[in-house]
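All remarks here apply to the structure that follows.
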């Protein structure tokens, strides 16, 4: 039993965004992943109900680090926290993902729709403010994509201290919503994307794990490593029909196969490039 506790503490301290077999809470109590997911979802719900947004964000970040398909309410609560933090792009993306997954039967369906409308109004208000103040060097109307947010903002958003952690968490947050599906018309709540990705970053390398759901629901995984030194941080992307592609900055080959969302693909490419640059200049 002592060895189990030590393993739990070591896993919690590592902050490595890779696959985990056992999730461990702050007291070192080991729980199977499915129980840890439920525990963190309950904690998130309570934090949101109490208006403890920083605490809710911390629980959501811990949920994000867990491998596998997230509960559908995860996207609703992530949208709530992002909206409260005025991160409108992320809030709308998460809420739209909730609506797509939960459908009209979702317990937060109507509230999610209202919040998406509120986000649109917030953008309109910003646009009007920009028109009223045309001399500002950075107009309020320009809502920068997440990939262009200041690192200080991302570190505050994800409650971490390092550029590497902030960019890695943000990249995985974007990838959570960008999975590729053979049938793009229907997003099933209980089935993960056919192809999805997770990223982990070391001192000078990036590991990209691809999960491929096969016909018999068997998940095959493949991991490739990018050594960042000598690699261009300019990551190319494009979308063709029902698929968007992120290209390998080393040789221009296809690196990630994503769903057909151009804005999200652009943010993923930009954030991956920023992560490469951050690892190249850790100082």
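Counting only residues that are farther than 15 Å from residue 234 by Cα, assigned to a helix (DSSP H, G or I) and in contact (Cβ under 8 Å) with a residue 24 or more places away in the chain, the range 255-282 holds 2 of them. Is it the case that the range 74-86 has a residue that's under 23 Å from residue 197 (Cβ atoms), assigned to a helix (DSSP H, G or I) and at pLDDT below 85? No; the residues of the range 74-86 include none that is under 23 Å from residue 197 (Cβ atoms), assigned to a helix (DSSP H, G or I) and at pLDDT below 85. For residue 246, the stated conditions hold: it is buried (at least 18 other Cβ atoms within 10 Å of the Cβ) and free of Cβ contacts under 8 Å to residues at least 40 places away in the same chain. Of all the criteria given as (1) modelled with pLDDT of 90 or more; (2) more than 18 Å from the chain's Cα centre (by Cα); (3) in a strand (DSSP E or B); (4) surrounded by fewer than 19 Cβ atoms within 10 Å (Cβ to Cβ), the one not satisfied by residue 233 is (3).
Applying the criterion of being touching a residue at least 24 places away in the same chain (Cβ under 8 Å) and assigned to a loop (DSSP other than H, G, I, E, B) to the residues of the range 203-216, the residue that is surrounded by the fewest Cβ atoms within 10 Å (Cβ to Cβ) is 203.
Looking across the range 238-253, the residues that are assigned to a strand (DSSP E or B), in contact with a strand residue (DSSP E or B) (Cβ under 8 Å, 6 or more places away or on another chain) and farther than 16 Å from residue 179 by Cβ come down to 238, 247.
Against the conditions (1) out of contact with any helix residue (DSSP H, G or I) (no Cβ under 9 Å at 6 or more places or on another chain); (2) on the phi < 0 side of the Ramachandran plot, where does residue 217 fall short? Just the number, please. Going through (1) out of contact with any helix residue (DSSP H, G or I) (no Cβ under 9 Å at 6 or more places or on another chain); (2) on the phi < 0 side of the Ramachandran plot one by one, residue 217 breaks only (2).
For residue 239, the criteria (1) touching a helix residue (DSSP H, G or I) at 6+ places or on another chain (Cβ under 9 Å); (2) over 25 Å from residue 61 (Cα atoms); (3) at pLDDT 90 or above hold in every case but one, which is (3). Restricting attention to the range 153-196, and to residues there that are modelled with pLDDT under 85 and in contact with a helix residue (DSSP H, G or I) (Cβ under 7 Å, 6 or more places away or on another chain), which single residue is surrounded by the most Cβ atoms within 10 Å (Cβ to Cβ)? Per the criteria, the residue is 187.
The values are calculated or read from the model by the stated rules, or taken from the named source; none is laboratory data. Since the model is a prediction, treat every value here as computed from it, not as a measurement. Here the Cβ is made from the backbone with ideal geometry for all residues, glycine too, and neighbour counts use every protein chain on show.
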